[in-house]
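The values are calculated or read from the model by the stated rules, or taken from the named source; none is laboratory data. Worth saying up front: this structure is predicted, and the values here are computed from it rather than measured. Cβ placement follows ideal geometry from the backbone for every residue including glycine, while neighbour counts extend to all protein chains displayed. Note: areas computed on protein heavy atoms with side chains; ligands, DNA, RNA excluded. Shrake-Rupley method; radii C 1.70, N 1.55, O 1.52, S 1.80 Å.
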Amino acid sequence: YTGLIFADGIYELAMTPLAEIEIPRIAFTDEDLSFASRFVLDWDSFLTLSLDYLAQRGRRNLAVISHREANHEFNRRIEAAARKRNLKIEPFGMQFLPGNLATSARALSHLMMKTSPRPDALLVTDDNLLEHVGAGLLEAGISVPHDVEIVAHCNLPWLTPSMVSAKRIGFDVREMLSRSIEAMDAIQQGQKLPREMRLQAVVAS
């Protein structure tokens, strides 16, 4: 075998012999692991690309639908990055919704557009939410991108369906696989890899 890539279920697998066999192991996780080199998705690069785009488009009032729970530090990073670009997030302008509750994004996005002042920019951090977000915006009578401009996370090259236009920014699965294979080849050749390697966000063409 060339090696193992741990894309999910990492902690369950850590308790099995897969964590001990002598072959190259690569994991995609934010958490440090003793048994594998790891790739970390650079969400700060995602925020830089996303919020720079919205600021350059002249948007000022930002709403956010985040896939992280309310007290997650990722949401504090969004707030800090928005302030740096003079993008204002009104009270309750950041909402939290995990991907497994994606259908709730329909009502949530509708309600967000009923606030005053109404957001003119919307950041969606999980592509699984986007289709339902778009449905809610259309039901609210919102014109996209005239009334609100959307930036949404994506996993390239496959883009999730959307009823409205959105700038897609995210992580390329092809790069994940190619860099993982390169890393496993390097391990087999006796090279020592860093414990953490970062994958930068890219803009979908």
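Remarks
- Considered as a group, the residues in segment 10-37 that are among the small types (Gly, Ala, Ser), assigned to a loop (DSSP other than H, G, I, E, B) and under 22 Å from GLN191 (Cα atoms) include one that is modelled with the lowest pLDDT, and that residue is SER34.
- All positions within segment 89-116 that are under 16 Å from GLY134 (Cα atoms) and surrounded by fewer than 18 Cβ atoms within 10 Å (Cβ to Cβ): GLN95, GLY99, LEU101, THR103, SER104, ALA107, LEU111, LYS114
- Some residue of segment 49-59 being basic (Lys, Arg) and open to solvent by less than 40 Å² (accessible area, probe 1.4 Å): yes
- Filter result for GLU90 (farther than 23 Å from LEU199 by Cβ, modelled with pLDDT of 85 or more and of a type in the set (Asp, Glu)): yes
- Selection status of ALA121, farther than 30 Å from PRO24 by Cβ, at pLDDT 95 or above, open to solvent by less than 10 Å² (accessible area, probe 1.4 Å) and in contact with an Asp or Glu (Cβ under 7 Å, 6 or more places away or on another chain): yes
- For segment 124-145, the set of residues classified as in contact (Cβ under 8 Å) with a residue 12 or more places away in the chain, open to solvent by less than 60 Å² (accessible area, probe 1.4 Å) and polar (S, T, N, Q) consists of THR125 only.
- Some residue of segment 163-171 being of a type in the set (A, V, I, L, M), open to solvent by less than 50 Å² (accessible area, probe 1.4 Å) and within 30 Å of PHE35 (Cα to Cα): no
- Take the conditions (1) in contact with a Pro (Cβ under 9 Å, 6 or more places away or on another chain); (2) modelled with pLDDT under 95; (3) not acidic (Asp, Glu); VAL164 misses just one of them, which is (2).
- Residues within segment 173-201 that are outside any helix (DSSP H, G or I) and within 19 Å of the chain's Cα centre (by Cα), tallied: 6
- Taking segment 34-48 as the range and being surrounded by fewer than 17 Cβ atoms within 10 Å (Cβ to Cβ) and of a type in the set (Phe, Trp, Tyr) as the test, only PHE35 passes.
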